[in-house]
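Here is the structure we will look at.
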């Protein structure tokens, strides 16, 4: 059986790339495709050393740094991959990967991290944060997103089976595509983390510094709590904005390798999270260390954090709500670290491998009957 795995783009390592690594481990004979692949050798090792076959966008001017600017060309780029010789096509998609062209004799399984946020329900937020609410450029972007939505909806018909990374994303898939999706939580490498009982007096947050992650909100909230120390790990386009809001009790470390991240997760009082995330792997990794999570109570956090048992959930993406959650955490939360760790283990990689392989095998049997 010939297998192809298609990923949107390979520029950095995040939750979607961890799922891709597990897909490659499940199907080591598969060929890998991506719109662009700019990973370095260290990052590529996390994908079992695999290099993707790329589209024409890989060779366009400035693609390494400004690949997102080529989004209007990505539907065309993804459709140019010739997958006609493959029996099984697996797309790992949060943007355009699911739009690959397949035939009636091929099985196309889409592991959907999310329908395109900025083209659908987060369009207004994206335009606001990008300064594109008004003017000619704003209307041009609105028109391009309108075209992308039409393409995105149409190409959902080419998917034989949708798999969602959470119940929250399954709801979004139904809302956008009117398709049912099977929920299989993404793999979290809980075995890479150890339970730690010893704690320091700081809180920690970590993420890519992009608008919807709300890292600036966390920094601003801790600026209002000068007696509490916050360590921030991550890098991205919003680094300058976040640094501008830093107070003396907030330490920004920038990007850090896994051993450093792990060390801070194991020693922190709690992991702080403010995004409305599709699933959210980092909160589960924190819990794998026995570290409770203070998270915005929406999206995937409602499925990965048990309020009052493995963490504290707060109701709004505001500094006031986050500050109140920290106060509630310090005044009433008792951390049962073994229980927190046990909860995290329900999202481990073995769960993902078993359920994804079983689903694909069942679909192949039905498809070939």
Cα centroids of region 1-72 and region 111-160: how far apart, whole angstrom? 22 Å
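So for 306, 148, fewest C-beta neighbours within 10 Å to most, what's the order? Before the final figure, lay out the partial values.
Working: 306 16, 148 20.
Least crowded to most crowded, the residues run 306, 148.
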Modelling each spin label as a point 7 Å along the Cα-to-Cβ direction, I'd like the residue 130/residue 25 distance in nm, to one decimal. 3.5 nm
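When the chain is fully extended, how far beyond the present Cα-Cα distance does residue 178 get from residue 192, taking 0.36 nm per residue of separation? Provide the component values of the computation, followed by the final result.
On the way: separation 14, 0.36 × 14 = 5.04 nm, distance 3.74 nm.
Gain on stretching residue 178 to residue 192: 1.3 nm.
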Viscosity 1.567 mPa s, temperature 4 °C: give me the Stokes-Einstein translational D for region 221-275 in µm²/s, with Rh taken as the Kirkwood radius over C-alpha pairs. 107 µm²/s
What FRET efficiency comes out for residue 82 versus residue 200 if R0 is 51 angstrom and r is the Cβ-Cβ distance? Round to the nearest 0.05. 0.40
Using the basic label-point model (7 angstrom from Cα toward the beta carbon), what is the residue 342 to residue 263 distance in nanometres? 3.1 nm
What does the extension gain come out to for residue 302 and residue 69, with contour length at 0.36 nm per residue minus their alpha carbon separation? 80.6 nm
Take 34, 331, 114 and order them by how many other Cβ atoms sit within 10 Å, fewest up front. 331, 114, 34
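Please report, to one decimal in angstroms, the Kirkwood hydrodynamic radius of the chain built from all distinct Cα-Cα pairs. Mind showing how you got there, number by number?
Values: mean 1/r = 0.0466 Å⁻¹.
With all distinct Cα pairs of the chain included, I get 21.5 Å.
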With Cα springs under 10 Å, the Gaussian network model of the chain assigns the largest mean-square fluctuation among 104, 315, 211 to 104
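Between rounded, prolate and oblate, where does region 1-124 land on the alpha carbon gyration tensor, with a ≥ b ≥ c its root eigenvalues, rounded for a/c under 1.5, else prolate if a/b exceeds b/c?
Details: a/c = 1.41, a/b = 1.15, b/c = 1.23.
Cα axes put region 1-124 in the rounded bin.
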Expected 222 nm ellipticity per residue - DSSP helices of 4 or more, -39500 (n - 2.57), all of the chain, to 500: -11500 deg cm²/dmol
What is the distance, in nm, between label points placed 7 Å from the Cα along the Cα-to-Cβ direction at residue 144 and at residue 256? 3.6 nm
Length gain on complete extension for the stretch residue 334 to residue 355, per 0.36 nm per residue less the alpha carbon to alpha carbon distance? 4.2 nm
For the chain, what does the relative contact order come out to in percent, with C-alpha contacts under 8 Å and a separation of six or more? 13 percent
Please compute, over every Cα-Cα pair in region 81-184, the percentage with a separation greater than 18 angstrom. 51 percent
Compute the relative contact order of region 63-209 as a whole-number percentage, counting only Cα pairs closer than 8 Å that sit 6 or more residues apart in sequence. 19 percent
Rounded to the nearest 10, the angle in degrees between the Cα long axis of helix 349-368 and the longest principal axis of the Cα atoms of the chain comes to 20 degrees
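According to the square roots a ≥ b ≥ c of the eigenvalues of the Cα gyration tensor, what is the shape class of region 190-347, taking rounded for a/c under 1.5, prolate for a/b larger than b/c otherwise, and oblate for the remainder?
Values: a/c = 1.40, a/b = 1.28, b/c = 1.09.
Here region 190-347 falls in the rounded category.
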Roughly what angle does helix 167-177 make with the longest principal axis of the chain, taking Cα atoms, 0 to 90 degrees, to the nearest 10? 40 degrees
Could you work out which residue, out of 217, 322, 140, moves most in a Gaussian network model of the chain, that is, has the largest mean-square fluctuation with Cα springs under 10 Å? 140
Can you sort 284, 204 so the residue with the fewest Cβ neighbours within 10 Å comes first? 204, 284
Per 10 Å bin from zero, what fraction in whole % of the C-alpha pairs of region 47-88 is there, up to the bin with the longest pair? 25, 43, 29, 3
With axes computed from alpha carbons, what is the tilt in degrees of helix 135-155 against the longest principal axis of the chain, rounded to the nearest 10 within 0 to 90? 60 degrees
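No lab work stands behind these numbers, since they all come straight from the coordinates. Note that the coordinates shown come from a computational prediction; the quantities given were computed from them, not determined experimentally. Glycine also receives a Cβ, built like all others from the backbone with ideal geometry; neighbour counts cover every protein chain displayed.
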